[in-house]
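The values are calculated or read from the model by the stated rules, or taken from the named source; none is laboratory data. Keep in mind it's a predicted model, so treat the numbers as computed, not measured. Note that each Cβ is placed from the backbone with ideal geometry, even for glycine, and that neighbours are counted across all protein chains shown. Surface accessibility is based on the protein's heavy atoms, side chains included, excluding ligands, DNA and RNA. Shrake-Rupley method; radii C 1.70, N 1.55, O 1.52, S 1.80 Å.
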Amino acid sequence: MVVLVDCVAVVAAAQVEKIIAEDKRIAKEFATAGKKRQALTALRHKKLQEKQLQNIDAWLNNVEELVRES
């Protein structure tokens, strides 16, 4: 069970990290093109994804702690 949870969390984290990298690339692209509004939108999306990654890490730590206790 724990291995399955770890796998799911790792896959989810990897997907979110890809999105973060893509948002960063897009923001830079928009910024160099002078499209400030779109760049800021991409950065906001990146920030939301970073928060999601923190939530995944916290969830995984919580699950690991629960397994250790049982």
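List of remarks:
- Every residue from the stretch 41-57 that is at pLDDT 95 or above and open to solvent by less than 60 Å² (accessible area, probe 1.4 Å): A42, K46, Q49
- Pair list, Cβ under 7 Å, 6 or more apart: the stretch 45-70 residue part of a helix (DSSP H, G or I), other residue open to solvent by 60 Å² or more (accessible area, probe 1.4 Å) and β-branched (V, I, T): Q49/I19
- Looking across the stretch 23-40, the residues that are part of a helix (DSSP H, G or I) and open to solvent by 90 Å² or more (accessible area, probe 1.4 Å) come down to K24, R25, K28, E29, T32, K36, R37.
- Among the residues of the stretch 29-51, the ones that are closer than 25 Å to A12 by Cβ and among the charged types (D, E, K, R) come to 5 in all.
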